[in-house]
Amino acid sequence: MAAVALADVLMNRSVASWRGLVFVLMLGSCAMLMTSLPALWFPELSPTIWLTLKASLGPLCGALSLIYLGLWLGTAAEDRVVYYCLAWGATVLIGTSVLLAFWALNYEGQSPEDVIKVAAGFSGAAVLLALGVSVRAHVLGDELARWMVVACVFLAGMSLGLYTYTLHPAWFGWQGMALTAFCTVAYFLLATALAVRRNRQHRKLLRLAGLAQGADPATGLPTGSVLLSKVDDAFWRGARMHGQCTVVCLHLHNLYELGESAGHRVDQQILTSITARIRRAVGFRCVVGLYHPRCFVVVISGIKHEELVERTVLRLRMVLSKPLNVVGLDEAFHTFMPRYGMGVVTVHAASADPVAVVDEAERRSWENAGSAPPAAATVF
């Protein structure tokens, strides 16, 4: 489970992914601790340390679970009552964890199981609160919450089995161990899958709403000030390499040509397909952006040989000259033949102004609408 959470962190590098990794590590460590295996691996540690860890980690993981459950459900914006219940519940559990740690460190009685019993009671209360909140979310219409209810049931089975094994190991046969192991693995798998699914939903909604800063919702390409900053970065890299940079603007003149016959949704299909063609033609080292809905921008930086630009422009013209099929509102296929203009501007990277260069390349793309291949212009 830790490997899956770590892979999600490496792929997405988001706060939510880091939260998932911390959650898996914390809860996994607590589960391992309750099995008493670490005590066998490190016999030199005193029983007081193990008692302190067992007593404090359970409620602490319960608090972490409630906090993450509130974030997963979005209760801060949608359900203030549940939000305050989870917030106060997590606060009480954190305080309880600290108090139990002090109690375990200074415990001098003959029954250290009493400390574990108190921790088990508070951990069980956290599981019941999480289960109730998940049921409420499902009743109110959250489609993923039904699976969170199932995950909470597995969590209850895991907690019950681990605390029972810690307090009364003689009661536990291989059947109980197998059931506890099954509940543990099932809970971690389901919770991780639900967290990844919710993160994908948030990213998709963010993209569709156009709230991703400086990104076109249909293609994901940088736009506006974000695009200009990437162009500026490309010029800076070119200046460090003492080379030139070339800006290519591709103006798609007939983007909306099929709108009346095939429906307006074909525009996004065309933009997505053209974006894929451009990226395949130029590779992943060049900056590709959308200056406005009909104007693509490609920046080739650090140029030492002009043949590189010529080959790239030739590949662009080859891939853009091919027709593409789109699906209209009538569910029929329509053929779109791109009609575009290309403007190419080559500059000395050290002294170039991104806005001026892109504007000049866009102007040239208007002038070369479907005509002969444009000649590169050098701006000093």
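In table form, for the structure just shown:
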quantity: R0 of 25 Å, Cβ-Cβ distance Ala3-Trp147: FRET efficiency to nearest 0.05; calculated: 0.70
quantity: P(r) histogram, all alpha-carbon pairs of region 133-286 included - 10 Å bins from 0, percent; calculated: 9, 21, 20, 16, 15, 12, 7, 1
quantity: Ranked list, fewest to most other Cβ atoms within 10 Å of each Cβ, for His251, His264; calculated: His264, His251
quantity: Rough spin-label spacing in nm, given labels placed 7 Å along Cα→Cβ, for Gln175 and Arg265; calculated: 5.5 nm
quantity: Mean separation of Cα contacts under 8 Å (6+ apart) over length of region 224-379, as relative contact order %; calculated: 34 percent
quantity: Ratio of Rg to Rh over region 225-283 (Cα coordinates, Kirkwood Rh, two decimals); calculated: 1.14
quantity: Size descriptor, Kirkwood hydrodynamic radius, that averages inverse alpha-carbon separations across region 251-351, Å; calculated: 14.8 Å
quantity: Summed residue charge, Cβ within 14 Å of Lys54's Cβ, Lys/Arg positive, Asp/Glu negative; calculated: -1
quantity: Contour minus Cα-Cα distance for Tyr84 and Asn325 (0.36 nm per residue); calculated: 81.5 nm
quantity: Trypsin sites (Lys or Arg not before Pro) lying in DSSP loop within region 250-355, provided at most 14 other Cβ fall within 10 Å; calculated: Arg265, Arg285, Lys304
quantity: Semi-axes of the equivalent ellipsoid for the chain, Cα gyration tensor, largest first, Å; calculated: 60, 24, 17
quantity: For q = 0.21 Å⁻¹, Debye-computed log10 I/I(0) when each Cα of region 53-103 counts as one equal scatterer; calculated: -0.65
quantity: Residue-averaged [θ]222 nm for the chain, counting only DSSP H segments that reach four residues, each worth -39500 (n - 2.57); calculated: -21500 deg cm²/dmol
quantity: Sorted peptide list for 340-350, 224-234, criterion being average Cβ within 10 angstrom, highest first; calculated: 340-350, 224-234
quantity: Sites Val185 and Arg363, calculated FRET efficiency, Cβ-Cβ separation with R0 51 Å, nearest 0.05; calculated: 0.25
quantity: Scattering curve values for region 2-208, log₁₀ I(q)/I(0), Debye with Cα scatterers, q = 0.09, 0.13 Å⁻¹; calculated: -0.36, -0.74
quantity: Set of region 251-289 residues, backbone N closer than 16 Å to the point 7 Å along the Cα-Cβ line of Phe333; calculated: 270
quantity: Given charges at Cβ of Lys, Arg, Asp, Glu: the chain dipole, positive-most of Ile67, Val309, Cys245; calculated: Val309
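Readers should treat all values here as calculations from the given coordinates under stated rules, not as data from a laboratory. Just so it is clear, the structure is predicted and the values come from calculations on it, not from any experiment. Cβ atoms come from the backbone with ideal geometry, glycine included; neighbour counts cover every protein chain shown.
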